[in-house]
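First the structure, in the form of structure tokens, and then the observations on it.
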Amino acid sequence: MTDIGSSRTGLRAWLLSETPGSIGQARCQRFYLVWLAFSANPIAMGGLFIILSLVLIAIFAPLITSGDGTEQVLTRRLLPPSAEHWLGTDQLGRDMFDRIVWGSRITLYIVALVGIIVVPIGLLVGTTAGYLGGWVDTILMRITDIFLAFPRLILALAFVSALGPGLDNAVLAIALTTWSPFARIARAETMVIRNSEYILAARVQGASSARILLHHVTPLCLSSVIVRLTLDMAGIILTAAGLGFLGLGAQPPLPEWGAMISAGRQFLLDQWWVPTIPGLAILTVSLGFNLLGDGLRDVLDPRSDS
């Protein structure tokens, strides 16, 4: 125990050293200081707990459920929550707990894939427009304004109608309607730093515009974009649920939460658990991302008062 305690003390001293001995140590110190500031915020930690719980539930779904949530047993349809079926059953006798757990995988698939698509697009468009300026900035920002002018769900409906219903098409439609705010943020950050001394020094050394954008500008814009992405996750989840509710997202028998609400809305008064449970799942996960985003904003935003 003494060796463990001394090793922890040594690691903490190494992380808090005033004179880091290497770039790797400096980066570890930065992450550690960010974690200390983040962990001091109980609201942010609550959001992190919700999101980590969602991830763990999705990973261990085969171990904590009795099936994949698609098995229909009509003899047990619309059973209330009990010791056998913790969250009751739906109109086709499917266990609601199993469907909620497996639906968490679909939710994570949507938010992860949308994030992977929109962050690079937003950074590319925003940093390019902000750094080059002129006619490039004008063209890219007018295209961005077109996407910003339409409500997200309405534009997603238009894209899904053109692409056809389905989970992958819904993800693509959501991504096409989500990238524009990230481009705006990246452009604003780039316009602030493009005339900084280290950018001018890189130009004097002969660095190309592409290299400056990739190695100097983009890393500085990344934190703001990540914060915005985390805060936008609730909107992404609600848009995906809205498409599922309208039958344009994940198709039956996949246990997508929006589609579950749509299928169970006629039972709201008598068998309230059928539409209410997936609604509460959407609410909880959306709240978790919002709390996490608020915490990240407080830690990563240098202009924050906290």
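No value in this document is a laboratory result; all are computed from the given coordinates. Computed from a predicted model, the values in this text were never measured in an experiment. So basically every Cβ, Gly included, is an ideal-geometry build from the backbone, and we count neighbours across all protein chains shown.
Listed values, structure above:
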| quantity | calculated |
| --- | --- |
| Neighbour-count ranking [beta-carbon atoms within 10 angstrom, fewest first] of Met233, Met260 | Met233, Met260 |
| Helical contribution to [θ] at 222 nm, DSSP H n ≥ 4, -39,500 (n - 2.57), averaged over the chain, rounded to 500 | -24000 deg cm²/dmol |
| Formal net charge of residues neighbouring Phe38 (Cβ-Cβ distance under 12 Å; K, R +1; D, E -1) | -1 |
| Selection from Val192, Leu214, Val119, by position along the positive dipole direction of segment 107-226 (Cβ) | Val192 |
| Rounded to whole Hz, the Karplus (6.51, -1.76, 1.60) HN-Hα couplings of segment 175-183, x for glycine and proline | 5, 5, 9, 10, 6, 4, x, 5, 5 |
| Amide hydrogen neighbours beyond the local backbone of Thr89, cut-off 5 Å, H modeled | Leu78, Leu79, Met96 |
| Taking Arg99, Arg76 and counting other C-beta atoms within 10 Å, the order from fewest to most | Arg76, Arg99 |
| Global size of the chain as Cα Rg and Dmax, reported in angstrom | 23.3, 76 |
| Whole-Hz ³J(HN,Hα) from phi, Karplus 6.51 cos²θ - 1.76 cosθ + 1.60, for segment 131-138, glycine and proline x | 7, 7, x, x, 5, 5, 4, 4 |
| Environment charge at Thr138 (Cβ cut-off 15 Å; Lys +1, Arg +1, Asp -1, Glu -1) | +1 |
| Separation of alpha-carbon centers, segment 216-249 and segment 37-108, rounded to whole Å | 22 |
| Packing-based exposure ordering (other Cβ within 10 Å, fewest first) of Ile212, Ile64 | Ile64, Ile212 |
| Segment 43-300: relative contact order as a whole-number percent, Cα under 8 Å and 6+ apart | 27 |
| Span per principal axis, largest first, for the Cα atoms of segment 119-221 (Å) | 52, 23, 17 |
| Under Karplus coefficients 6.51, -1.76 and 1.60, residue-wise ³J(HN,Hα) of segment 257-270 in Hz, glycine/proline x | 4, x, 5, 5, 5, 4, 5, x, 5, 6, 9, 4, 7, 9 |
| Stokes-Einstein D for segment 15-66, Kirkwood Rh over Cα pairs, 25 °C, 0.890 mPa s (µm²/s) | 182 |
